[in-house]
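Below you'll find the structure, written out as structure tokens, and then a few comments.
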Amino acid sequence: MSKNTPTPHISAAPEDFARTVLMPGDPLRAKFIAEQYLEKARLVNNVRGVQGYTGSYRGIPVSVMASGMGMPSIGIYSYELFHFYHVDNIIRVGTAGAYSPSVNVRDIVIAMGACSDSNFASQYGLPGTFAPIASYELMKTAIAKADEKDVRVHVGNCLSSDVFYSDNPSAVEKWSKMGVLCVEMEAAALYMNAARSGKNALGIFTISDSLVTGEATTSEERQTSFTNMMEIALETAVAMG
Ligand code: HPA
């Protein structure tokens with residue numbers, strides 16, 4: 001396995017990553033999480049400015065590394081972590097836009113499933129469609145941690161889209177009719193890489209904007225939800241040991 005490290009996109013040694021990696025989209029967010037939440041965090045990757053840190057939370061080793069934006073980007077990083085490092089669990093911690101009138105800005109969504117308008121699954125040559133799902137273990141632990149903290153979360157389907165600026169005005173309503181709660185751009189690829197490698201993945205999102213009402217929040221306004229999301233993710237990581 002170690003002959004594959006460093007990888008084309010990660011300069012770390014195999015033992016540099018913990019079993020569980022938290023994955024925000026933004027490299028500066030990864031730095032912030034490491035500085036704010038992890039003890040003794042050290043930089044383990046900075047290829048292309050995609051910062052990765054390993055430290056500990058409540059005595060348990062935890063890593064945090066950015067995914068970049070979109071399925072190709074998270075596809076690369078999660079593949080390399082799952083296949084070439086000793087990473088068993090990746091928890092995406094990101095933002096999403098609400099697709100459902102029942103989901104408000106600042107809410108937290110745990111993505112049980114991830115629909116997609118992307119072609120990522122075509123590489124598997126399946127004779128049908130694949131349903132990318134979260135790890136049951138990670139998901140049930142995250143829901144239990146949210147319950148313990150009395151934080152209400154939505155649990156359901158998301159859409160992982162290839163397009164932020166969509167030219168299709170009816171898409172929101174169509175996905176919404178199918179019960180899809182929100183849109184982001186990474187979870188489906190992460191879930192497929194986890195499935196293919198026999199590893200575990202989960203997406204937890206704070207809602208930054210609503211495609212139903214047009215409402216949007218600044219990151220300062222989302223601070224409480226961000227803190228709740230991070231604590232749920234970190235406590236889930238700790239429970240995985
Ligand atoms: N679209 C895609 N990804 C997102 C959005 C959105 O509206 N908001 C936050 N992440």
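Just a few scattered comments:
- Pairs are defined by a Cβ separation below 8 Å, a sequence spacing of at least 6 or placement on different chains, a first member in the range 1-19 that is of a type outside the set (Gly, Ala, Ser), and a second member that is open to solvent by 60 Å² or more (accessible area, probe 1.4 Å) and at pLDDT 90 or above; the pairs so defined are 9/48; 9/76; 14/86; 15/86; 17/86; 19/61; 19/86.
- Cβ-Cβ contacts under 7 Å between residues 6 or more apart (or on different chains), taken from a first residue in the range 155-184 that is of a type in the set (Asp, Glu) and at pLDDT 95 or above to a second residue that is away from the ligand (no atom under 12 Å from the Cβ) and open to solvent by 20 Å² or more (accessible area, probe 1.4 Å), are listed as 162/118.
- Among (1) within 15 Å of the ligand (Cβ to nearest atom); (2) closer than 23 Å to residue 167 by Cα; (3) more than 18 Å from the chain's Cα centre (by Cα) - the single one residue 104 does not satisfy: (2)
- Of all residues in the range 117-158, those satisfying the criterion of being within 16 Å of the ligand (Cβ to nearest atom) and more than 15 Å from the chain's Cα centre (by Cα) are 117, 118, 120, 154.
- Residue list for the range 159-208, restricted to those being among the acidic types (Asp, Glu) and either away from the ligand (no atom under 16 Å from the Cβ) or over 18 Å from residue 109 (Cβ atoms) (or both): 162, 167, 173
- Test set (1) surrounded by 14 or more Cβ atoms within 10 Å (Cβ to Cβ); (2) over 25 Å from residue 60 (Cβ atoms) - residue 178 fails condition number: (1)
The values are calculated or read from the model by the stated rules, or taken from the named source; none is laboratory data. Since the structure is predicted, the reported quantities are computational estimates derived from the model, not experimental observations. Quick reminder, even Gly has a Cβ in these numbers, built from the backbone with ideal geometry, and neighbours come from all protein chains shown. All accessible areas refer to the heavy atoms of the entire protein, side chains included, with ligands and DNA or RNA removed. Shrake-Rupley method; radii C 1.70, N 1.55, O 1.52, S 1.80 Å.
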